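The block underneath contains the structure these notes are about, expressed in structure tokens.
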Amino acid sequence: MTIQWFPGHMAKARREVTEKLKLVDIIFELVDARLPLSSRNPMIDQIIQQKPRLMILNKADMADPSRTSEWINYFNERGIRAVAVNSQAGEGMKQIVTAAKEILQEKFDRMKAKGIKPRAIRTMIIGIPNVGKSTLINRLAKKNIAKTGNTPGVTKAQQWIKVGKELELLDTPGILWPKFEDEQIGYKLALTGAIKDSILNLQDIAVFALRFLNTYYPERLKERYGLETIGEPIVEAFDEIGRKRGCLMSGGEIDYDKTSEIIIRDVRMERLGRLTFDILEEYNEEES
Ligand code: G4P
């Protein structure tokens, strides 16, 4: 799904999420584990305000595991509980339920003390397109989607999906827009497929990928494309990859678009291994 985000759409998306917020105890903020910051909605904190939240780093199977641990610590240190999962394979689903229960323990204890009958935790998933919201909903729902009826007082019917006995999940996720303001973020979103019909230039994305890989994963780059050394200007590596892959135009010139497509596809299909594009050190440098 590719959504064109215009101001009107953004306002509507925000309104819809704000409306649904009232129905839930906790938000599951879903991000791509390869980009735990770049795949967040820029206004998420303002939108969800004080609502309890569990951060879910999805597609952890595609991300660099050591960097995923760093990001989990990063969020935990900032008071945001975070877990890493693979919704496609259904890995980490129990962790989600356990974490949600722990986050809400006090609230539910207080309710119990007041004599309010215990009930399931209500939650919804929020995230930008393509982070895996539908996949996670289906995973949590398993096959036996149990509908618990509409919530009174809500005009638009909301269906709840039962996740075991302890959790109820809204069947439609909150979809919010990605960050647009930063070119680097745009490249990262394009590389991970979050922006599908990219408005960004193909060659620029590929050059960004090569530079990034050369900085953080140079061995993988050399190995994949059989390169001896890589340095600046990066276009030389680009030329070499194009030549090696037979991306040539009729006059023997390198076909840069075709070469770019190969590089981007290789990244997306994990042919360069598990990669994380948001690098914690870079953000620490910015913060200090
Ligand atoms: P959305 O609702 O947030 O827009 O995302 P959606 O669930 O549609 O997932 C987007 C893509 O990400 C899908 O692939 C989906 O299979 C994949 N995906 C979701 N969770 C995971 C995960 O934990 N690991 C991995 N490796 N992939 C995941 P697609 O190619 O767009 O579609 P399809 O191949 O499933 O048809």
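The values are calculated or read from the model by the stated rules, or taken from the named source; none is laboratory data. Everything quoted here is computed from the prediction, not taken from an experiment. Here the Cβ is made from the backbone with ideal geometry for all residues, glycine too, and neighbour counts use every protein chain on show. Just so you know, the surface numbers come from the protein's heavy atoms only, side chains and all, with ligands and any DNA or RNA stripped out. Shrake-Rupley method; radii C 1.70, N 1.55, O 1.52, S 1.80 Å.
Values computed for the structure shown
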read-out	value
Peptides ranked, highest mean first, by Cβ atoms within 10 Å: ranges 159-168, 124-133	124-133, 159-168
Under 17 Å from the Cα of K179 - aspartates and glutamates, other chains or at least 8 residues apart	E29, D32, D45, D197, D278
Solvent-accessible area per residue for the range 221-288 (1.4 angstrom probe, square angstrom)	58
Average accessible area per residue (Å²) across the range 22-79 - probe 1.4 Å, nucleic acids and ligands excluded	36
Burial ranking of peptide ranges 84-90, 268-274 (average Cβ count within 10 Å, highest at the top)	84-90, 268-274
Within the range 1-149: Cβ-based charge dipole about Cα centre, in debye rounded to nearest 20 (Lys, Arg +1; Asp, Glu -1)	800
Over 29 Å (Cα to Cα) - which of K20/K94; K20/K117; K59/K142; K12/K114; K59/K244; K22/K133 fall in this group	K12/K114; K59/K244
Cα→Cβ-extended label distance, 7 Å offset, between Y283 and Q46, nm	1.9
Pairwise FRET efficiency - K101 versus Q159, Cβ, R0 = 22 Å, nearest 0.05	0.50
Helical segments meeting 20 Å axial Cα length and Kyte-Doolittle 0.5 threshold in the chain (DSSP H)	202-216
Eligible lysines near K112 by straight Cα distance, threshold 19 Å, same-chain separation 8 or greater	K101, K165
The chain, Cα convex hull volume normalised per residue, Å³	152
In nm, spacing of pseudo-spin labels at H9 and K94 (7 Å Cα→C-beta vector)	4.0
Selection from Y216, T259, L200 lying farthest towards where the dipole of the range 199-288 points positive, charges on Cβ	T259
Of all accessible heavy-atom area on the chain, the percent that carbon and sulfur account for (1.4 Å)	49
The chain: calculated mean residue ellipticity at 222 nm from DSSP helix runs of at least 4, using -39500 (n - 2.57)	-13500 deg cm²/dmol
